[in-house]
Amino acid sequence: MYILLILFFVSLIGIIIMIGRKLAVIADGQIVEKDYDHPFVPHLRKVKHLTFTNIKKYGHLSLVEILRFHFRSSNVLKNKYEEVKTKIKNVNKKNQANGKAGEKVEVSKFLKMMSDYKQKIREIRHKIKEEENNL
């Protein structure tokens, strides 16, 4: 544990000494900033300019492609909707010609009882409102 603390403080003192020397040289005016290009790292202004231009270009292209896709897919959906609509109309016409459209589907007993019950309640409410209006 003590070894780690000693190493930390030694490296901290070394960093402080290096920064102090640079500040002393800068204060004397001996260091002039120079723009040098590192062989493996491109210049930051060039990178910034290239990224902004590429972002604009590819952003515009992606927006155009998204809009194209949207309009094409909406057009395809409209066409498919119309096709399905005509198919359903044709099936209904065939069913009416065969006499299948007139058939009624059996309602479950429970639903029939519920609808009868609701109808009776409506009639009772209507009678009560008429009696209240007559008084």
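Looking at the structure I just gave you, is Asn92 in a helix (DSSP H, G or I) and loosely packed, with under 10 Cβ neighbours inside 10 Å? It is false that Asn92 is in a helix (DSSP H, G or I) and loosely packed, with under 10 Cβ neighbours inside 10 Å. Of the residues contained in region 9-17, none is found to be at pLDDT below 85, part of a helix (DSSP H, G or I) and out of contact with any helix residue (DSSP H, G or I) (no Cβ under 9 Å at 6 or more places or on another chain).
From the list Lys34, Lys48, the one residue that fits, being among the basic types (Lys, Arg), surrounded by 10 or more Cβ atoms within 10 Å (Cβ to Cβ), within 49 Å of the chain's Cα centre (by Cα) and at pLDDT below 90, is Lys48.
The values are calculated or read from the model by the stated rules, or taken from the named source; none is laboratory data. Model, not experiment: these values are computed from the prediction. A quick note on method: Cβ atoms are made from the backbone with ideal geometry, for glycine too, and the neighbour counts reach across all protein chains shown.
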